[in-house]
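All remarks here apply to the structure that follows.
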């Protein structure tokens, strides 16, 4: 009886081996050949990325992502060739991916935001940008975060997901930026002369662009002064220097021309009822 059982199991084992051995051998061949083909395709993708004008971070990301996707598809195909129920396998992967996605919602949002920034390039390293109330120069663009350096020399790390879901103001994109300042002059002052003095002050600054031409105009008749807007254009990198120097130079020029900048005044009328 024992010999018969052993012979039965041996025959069954041989039958299974004869049935599955070709599938396993073919699956191994497909796996080995597939991995080599994937390596070749990754090299082709990297060369194509090197010829393009993509950022280095995006090149690396696309190369790794394409490699992992092709390997996952290859493993699913090999499992199917070996008789594994790939529908259940795919369902397990999907469920695991959903669980991980729910646990890492914020991180995945930042990751997606980083990919969008690298692809669409709303800004690049060295640009002066403003987002979420923070103004600064882009120091680094990472896959999860963007690092800004503020005028106060503070390093601000901003999540890419939040950046891409909010307004982004890029002051560098057009290659020039307008500096908005204002100067008040006395009501007794000659407005035409004051404008000429201010325009000459702006023209004398080599950092102020000739085109577009700077603007000096009456913007408001205030309580104590006639307020003029002074708006030169400059390179974005020179914004703060031009801003501060324009205010100082305008004050000096008006003083030299004898044009006063008044302080707030109030008229007091006294009535005698006697």
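Numbers below:
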item: Yes/no for residue 250 being assigned by TED's automatic domain parsing to the domain that holds residue 186, over 12 Å from residue 198 (Cβ atoms), at pLDDT 90 or above and touching a helix residue (DSSP H, G or I) at 6+ places or on another chain (Cβ under 9 Å); result: no
item: Boolean, residue 150 is surrounded by 21 or more Cβ atoms within 10 Å (Cβ to Cβ) and under 30 Å from residue 234 (Cβ atoms); result: no
item: Residue among 261, 185 that alone is over 30 Å from residue 131 (Cα atoms), modelled with pLDDT under 90 and touching a helix residue (DSSP H, G or I) at 6+ places or on another chain (Cβ under 7 Å); result: 261
item: Residue tally, condition surrounded by fewer than 16 Cβ atoms within 10 Å (Cβ to Cβ) and closer than 18 Å to residue 243 by Cβ, over region 182-212; result: 5
item: Residues within region 134-179 that are outside any strand (DSSP E or B) and within 14 Å of the chain's Cα centre (by Cα), tallied; result: 14
item: Residue within region 29-44 that is at pLDDT below 65 and either in contact with a helix residue (DSSP H, G or I) (Cβ under 8 Å, 6 or more places away or on another chain) or not in a helix (DSSP H, G or I) (or both) present; result: no
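The values are calculated or read from the model by the stated rules, or taken from the named source; none is laboratory data. Note that the coordinates shown come from a computational prediction; the quantities given were computed from them, not determined experimentally. Counting neighbours? That spans all protein chains shown, and the Cβs are built from the backbone with ideal geometry, glycine included.
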